[in-house]
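Everything on this sheet refers to the single structure shown next.
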Amino acid sequence: MIKSNCLNSSYFEILLYSNYLGVFMINLLASTTKLAQQLILGFEIFIFIIAFIMIAIGLLQNKQSQTGLSALNGGNEELFSNSKERGLDKTLSIWMLVLGIIFFIIALIISIITNTLL
């Protein structure tokens, strides 16, 4: 019983110290609100550029099969076709996935900075 209490207290101490370290790093990163606003502006410009690149890549990609709409229309032209991506389509799909992940991470960073520092 004593060991479990000791383990629980050390676990909470580790959580507390890691929280202090995280707060310290955030405060070190943006010690003033002006710097925090500049950081947010920089991230927003970066996310805006990524959004435009994602729109351009989406327009360059070939039209994928419309399995949901073809069921309504009665069409089955895509039923037996080879749906594996190759060449430029595969490259564009990979870029779209990578940019989508970067977009999501930067949106989380903007949200965290906004909620913790401002």
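Laboratory data are not the source of any read-out in this text; all were calculated from the coordinates shown. Note that the structure is predicted; figures quoted are calculated from it, not measured. When we count neighbours, we look across all protein chains shown, and the Cβ atoms used for this are built from the backbone with ideal geometry, even at glycine.
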### Message
Whole-Hz ³J(HN,Hα) for each residue in the range 108-117, computed from phi via Karplus 6.51 cos²θ - 1.76 cosθ + 1.60 with θ = phi - 60°, x for glycine and proline: what do you get?
### Response
5, 4, 4, 5, 5, 5, 5, 6, 9, 9
#### Entry: Ranked list, fewest to most other Cβ atoms within 10 Å of each Cβ, for 94, 110
94, 110
